[in-house]
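Here is the structure we will look at, set down as structure tokens.
Every number here is computed from the coordinates shown, using simple stated rules; none is lab data. Owing to the predicted nature of the structure, the values given are computational and were not obtained by experimental measurement. Cβ: placed from backbone, ideal geometry, glycine included. Neighbour counts: every protein chain shown.
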Amino acid sequence: MILGTVGQTVLVEVTLADRDVAKFPRAKVIDSAGLTVAIFGLTARPAFPGLYQGSWSVPASAGHFTASFEVFNEAGFLTLSSHEPGEAHIRVVSDFELALKKLLAHQGENVRDEVLVADVGTGRPLTARRKLFATAADAIANVSPIATIDVVATYPGPTTWNDLVRTLAP
């Protein structure tokens, strides 16, 4: 699932199972009523064969959306290829809901903190990730986080920290 915020841009991507780099995928975004709200092509990423990406400007209202993918043989989107169509679910949240998730993530309930990089000499975390989960079972299993917060710390001395920056990861 892709999580987006009202009025922002989200990354939409599809990977072709056969890693074909010469196709032209297109995404059609539909709302929960089945109405088409956007259609756009995806661009190949040569460093990752078969990966195609595009950006979608999220509308001004929260809701559930589906990106349905079709793959074409040419840039004009005329002839469908034999690739299986795919889909991605997109949940768009309001600024209020996003702020609420940020607050809940710091209350400590259904949260998993992971040290990504530790100082070799002291073992103190330099970068970490905090994940917020809807349920305790998801937190224990480390599946389906509803929000991820990246943390960067700097230490001026052996017993204190100088800076602790937390940002909500997309």
For segment 2-93 the translational diffusion coefficient, Stokes-Einstein from a Kirkwood Rh over Cα pairs at 10 °C and viscosity 1.306 mPa s, in µm²/s, is roughly 118
Describe numerically, in nm with one decimal, the distance between label points set 7 Å from Cα along Cα→Cβ at L11 and at S68. 2.6
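Take the Cβ-Cβ distance between Q53 and A141 as r, set R0 to 35 Å, and report the resulting FRET efficiency rounded to the nearest 0.05.
0.75
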Label point distance in nm, E87-V21, each placed 7 Å from Cα along Cα→Cβ: 3.1
